[in-house]
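The values are calculated or read from the model by the stated rules, or taken from the named source; none is laboratory data. What you are looking at is a predicted structure, and each value in this text was computed from that prediction instead of being measured. Positions of Cβ are generated from backbone atoms using ideal geometry, with glycine treated the same way; all protein chains shown enter the neighbour counts.
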Amino acid sequence: MKGSLRQSMTWLHTWSSITAGWILFAIFFTGTLAFFRAEITHWMQPELHVSTPSENSAEVGYQYLLNKAPDAKEWSISLPTERSETVSVSWRYGNERGREQLFAQRSQLDASTGEDLAPRDTAGGNFLYRFHFELYAMPRWLGETLVGIVSMMMLIGIVSGVIMHRKIFADFFMFRPKKKLLSWIDGHVLASVLALPFHLMITFSGLLLLGGTLLPWNGNGGGHGGPPEGGAPQERGGRPAEVVNAEPIAPHINHSALLAPIMAKASAHWGVPVDRITIKNPGKENTTFTVSGANRVELSAGRGGNSGLVFNASGERISEDPASTAPNTTQAVYNYMDMLHQARFADSVTRWLLFFAGILGTLMVGTGSILWVEKRAKKQLGLKGFELVRGTNIGAIAGLMVATGAYFWSNRLIPADMAMRSDWEVRVFFIAWLACVIAGLLRRDRMGWLWQTAAAAALFSLLPVLDVVTSPVGVPDALRMVFDVACVLIGILCWYAVVKLKNGGKPKRRSAAANRKPDADNMKPVRPRGRTKTEQPA
Amino acid sequence: MNTGNVSPATAITLRVVIAVAGGYAASTAISLLFAAMNEMSDRQEVAFIRMVFFLVYTVYIIWIFAINDLQKVLVTGLATNAVAWALVWSGVFS
Amino acid sequence: MMTLLCLVLCCIGFMHFSMANTKHFSAVTGKDLDDIAYGKIIFQVLGSSFLLVATWPAIAGWETEIGLVVWCGLMHVAAAMVSLFYTYLPGFVRVCWMWLMPGGLLQRAIAR
């Protein structure tokens, strides 16, 4: 385009970002929340809150399976972990190739008593997670394609943003708000630059994950969940077909006493606790126990990166399912990016770090859209197109947060036994969002922002209170705490925005100390020197 | 072709089309080329092509927008595609 | 523990980097960076060194592949913290630099 590289990149940055801005904000926001998908789903199933992990959680699961499905060919017991408070059991009668039961049945149990907790019907964190990459109420290929296009625009936005702002790295820490409150451009630049490695990684890896849909001519990727991962898949059952009826009826051997020593041996071997036990042919002499734990240290292996240990019916270790490793560098790199994006490997610290970076990314997109409007406000006020963008901005950004808050609130307020309640929770989300978009179009000024941001702030910051009041267990467990804390943080950010909106950008009186600083406050953050009218004839 | 008289709107549209559509096509060809240059298993190839594609596509779009002259943009778009696809179809690398 | 160590090292690294910038330097110390021989380079090298050393506790805590992710994540946090310190706690930055940071101590030793 005519003009310097900086001007071209500014144009490209502005237009690729703003056009994608609203969907992108939704993707970023739901994606960041989806890092805590398991915690959200747990929070949204209060019936599960009564469960507390205990030393004999494994035995409790075993006992349930013994009563419920003694003839099953395979049992699986998932123990409470850092991200789950209940025992999840599943059982399967046929093998994978048998007709009887292709899908395992499952239950969630109280980890201390083994009671079958029947959690309320809810989409939980999975709604947000799926929305993040395939949106809603449209064929999967369409949703993924839209998300993919928008993600590509984001990648272009980031790269062009870096090129146009090359000098930023010299003045990097230089952000000095004139008033004590950040200006929109300060916020935008900060949020972008501070987590730049993350933004690049998450966008690029996101594109890779959608590669199956975006590059239909390329192999058999097959959309989400079907990327080519490295290593041989771990064997999980799949024995040759056995004739079920011909076995003589033998008394069921209760192996529950073996569980504790087996788990102890495995966790001693790895240094981490066991999180899952799969029992094949339970109750027989040839029963085998395959245990796995959170012992992943590699991301390049992809999803098969944990190693498992196999024990026999006498409690002796008979083999080790090694962790698969990537067969070549290409797949190692690919898997690394895949795993990074989905954070399946992440422990508490890592997950919070990713969440922090995700929040910065969400802020980056949100402040960008707001900045675009602010910059053009003087010149374009009153023009239809501009007013449309200005109004929709409110609903797309603040309104989305209100909708998410409403979704969480509806989970506790809609009766647990109401029919189709999970559909209703999702409806509440969309109705709230639509209402906010309409409200934003009607009230397009600062007050419109103020109302919706304040509503979002209230919804989020009061969630812990709602949690305590509407859960059968008052005091939150660790998982609920994660959710409650994350929501409070989001609430605080919203309140900060409310304060900023109330002050209306008038500079506060400088404190005496600020006046004494040598030259500090006169240094403006670097801005692109281009004109506001960034349309350039090509 | 005198592109000096083209209206700004048309010019930008043209540029966007070349960057997005031309870029997609060219990136496809280039990734296929790179993949053909190396021996690799099917799974590896799918992963490889995905990574190369998005890298190339990003660079391509940035490049198209960095070029000042619209005429150069047209030429670049056509030329890159012509060369890349010719190489792919000629099977020189497989 | 390793987390904290990594974070602190990253913060120190970024603080050195920012001091390699003339405007920051004068804002914090009141002196001119150009007066210090090779000041800019030294601070940048020190900054990079601290950031590199910060990978050690991260890898020690998490093994290489995940450790590097943690290191990156903590760099984001450290960058945010250092930026906020400059804005809201400039006095704290001054004290840190003059008394605690190798760069600052070096500066006081060199500049005469």
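Values as computed for the structure displayed
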{"item": "Selection count where residues are crowded, with 22+ Cβ neighbours inside 10 Å and closer than 16 Å to residue A:487 by Cβ, scope the range A:399-424", "result": "10"}
{"item": "Matching residues, the range A:277-309, being modelled with pLDDT of 80 or more, crowded, with 19+ Cβ neighbours inside 10 Å and touching a Phe, Trp or Tyr at 6+ places or on another chain (Cβ under 9 Å)", "result": "A:277, A:278, A:279, A:280, A:282, A:289, A:290, A:291, A:293, A:309"}
{"item": "Failed criterion for residue A:475 (all others in (1) of a type in the set (A, V, I, L, M, F, W, C); (2) loosely packed, with under 15 Cβ neighbours inside 10 Å; (3) modelled with pLDDT under 95; (4) in a helix (DSSP H, G or I) hold)", "result": "(4)"}
{"item": "Residue match in the range B:43-54 (condition: among the aromatic types (Phe, Trp, Tyr), in contact (Cβ under 8 Å) with a residue 12 or more places away in the chain and more than 7 Å from every other protein chain (Cβ to nearest Cβ))", "result": "no"}
{"item": "Pairs where the first residue, in the range A:342-367, is more than 10 Å from every other protein chain (Cβ to nearest Cβ) and farther than 23 Å from residue A:208 by Cβ and the second is aromatic (Phe, Trp, Tyr) and assigned to a helix (DSSP H, G or I), C-beta under 7 Å, 6+ apart", "result": "A:366/A:25; A:367/A:184"}
{"item": "Tally, over the range A:1-24, of residues that are at the interface with chain B (Cβ under 10 Å from one of its Cβ atoms), of a type in the set (Phe, Trp, Tyr) and in contact (Cβ under 8 Å) with a residue 12 or more places away in the chain", "result": "1"}
{"item": "Count - residues of the range A:291-321 that are of a type in the set (A, V, I, L, M) and within 14 Å of another protein chain (Cβ to nearest Cβ)", "result": "4"}
{"item": "Scope the range B:59-83; condition polar (S, T, N, Q) and over 10 Å from the mean Cα position of the chain (by Cα); matching residues", "result": "B:68, B:71"}
{"item": "The range A:494-509, residues that are within 14 Å of residue A:460 (Cα to Cα) and either modelled with pLDDT under 85 or surrounded by fewer than 18 Cβ atoms within 10 Å (Cβ to Cβ) (or both)", "result": "A:495, A:496"}
{"item": "Cβ-Cβ under 9 Å pairs, at least 6 apart or on other chains, the range C:64-77 side at the interface with chain A (Cβ under 7 Å from one of its Cβ atoms), far side of a type in the set (Lys, Arg)", "result": "C:66/A:296"}
{"item": "Any pair with Cβ under 6 angstrom, 6 or more apart, that starts in the range A:317-328 at a residue that is outside any loop (DSSP other than H, G, I, E, B) and of a type in the set (S, T, N, Q) and ends at one that is modelled with pLDDT of 75 or more and surrounded by 12 or more Cβ atoms within 10 Å (Cβ to Cβ)", "result": "A:319/A:310"}
{"item": "Residue match in the range C:40-57 (condition: without any contact (Cβ under 8 Å) to a residue 12 or more places away in the chain, within 9 Å of chain A (Cβ to nearest Cβ) and in a helix (DSSP H, G or I))", "result": "no"}
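Yes or no, residue by residue, for (1) surrounded by fewer than 17 Cβ atoms within 10 Å (Cβ to Cβ); (2) closer than 15 Å to residue A:156 by Cβ:
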position	(1), (2)
B:14	no, no
B:21	yes, yes
B:37	yes, no
B:45	no, no
B:48	no, no
B:53	no, yes
B:59	yes, yes
B:69	yes, no
B:75	yes, no
